[in-house]
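Below you'll find the structure, written out as structure tokens, and then a few comments.
Please treat every number below as a calculation from the coordinates, not as lab data. For clarity, every value in this text was computed on a predicted model and none was experimentally measured. Quick reminder, even Gly has a Cβ in these numbers, built from the backbone with ideal geometry, and neighbours come from all protein chains shown.
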Amino acid sequence: MKILVVDDEADVRALFEQRFRREIRSGVFSFSFAYSGEEALEYLHRHASEVVLILSDINMPGMSGLELLRHIRQEYDAPPPPAPPQVMMLTAYGDEASRQQALALGANDFLTKPVDFSALKEKLLYLTDHDN
């Protein structure tokens, strides 16, 4: 499963690579990283058919994760092929308004930081097992 992680924090890459080391090595997950909404859209324009899941922070300078989600749903929601990517939003602010806005814009899930990597791994493995 190809996963695009979008977060403006530079240490996110090392954290994901450490927490999913076994799954990356065995080929279950493949991660790519973008450090802004704009960079994520550029990546998607080049690799849209490869990305199955997007994990995006909400609060980023420039284009927010919610703006990115809006762009993704406008540009990539026309099925098939390929199927539109799943989008999980991540935020340090677990407020209900952000959650409702993310879900209204088409987010598939909403997670708060710090990320519970055990729960995230379970969700990702579930998606992998139920991928068409």
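Here is how the numbers come out for the structure above:
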quantity: Two-decimal Rg/Rh across segment 3-122, once Rg and the Kirkwood Rh are taken from alpha-carbon atoms; calculated: 0.94
quantity: Computed FRET value (nearest 0.05) for Ser49 with Asn108, which takes r as the C-beta separation and R₀ as 22 Å; calculated: 0.75
quantity: Within a Gaussian network of the chain (alpha carbon springs, distance under 10 Å), most fluctuating of Pro84, Pro114, Pro61; calculated: Pro114
quantity: Extension gain (nm, one decimal) between Phe117 and Gln18, 0.36 nm per residue minus Cα-Cα; calculated: 34.6 nm
quantity: Most mobile of Ala14, Ala92, Ala107 in a GNM of the chain (Cα contacts under 10 Å); calculated: Ala14
quantity: Reachable aspartates and glutamates, given that their alpha-carbon falls under 16 Å from the alpha-carbon of Lys123 and they are not under 8 places away in the same chain; calculated: Glu23, Asp109, Asp131
quantity: Spatially proximal aspartates and glutamates relative to Lys113 (Cα-Cα < 15 Å; intrachain offsets below 8 disregarded); calculated: Asp7, Asp8, Glu9, Asp11, Asp57, Asp95, Glu96
quantity: Inter-probe distance in nm under a simple model that places probes 7 Å from Cα toward Cβ, at Gln74 and Ala92; calculated: 2.9 nm
quantity: Most mobile listed residue (Leu15, Leu44, Leu66) in the chain, GNM with C-alpha springs under 10 Å; calculated: Leu15
quantity: Förster radius 30 Å - calculated FRET efficiency between Glu67 and Ser30, Cβ distance, rounded to 0.05; calculated: 0.70
quantity: Length released on extending from Glu38 to Thr128, taking residue separation times 0.36 nm less the Cα-Cα span; calculated: 29.7 nm
quantity: Residue-averaged [θ]222 nm for the chain, counting only DSSP H segments that reach four residues, each worth -39500 (n - 2.57); calculated: -13000 deg cm²/dmol
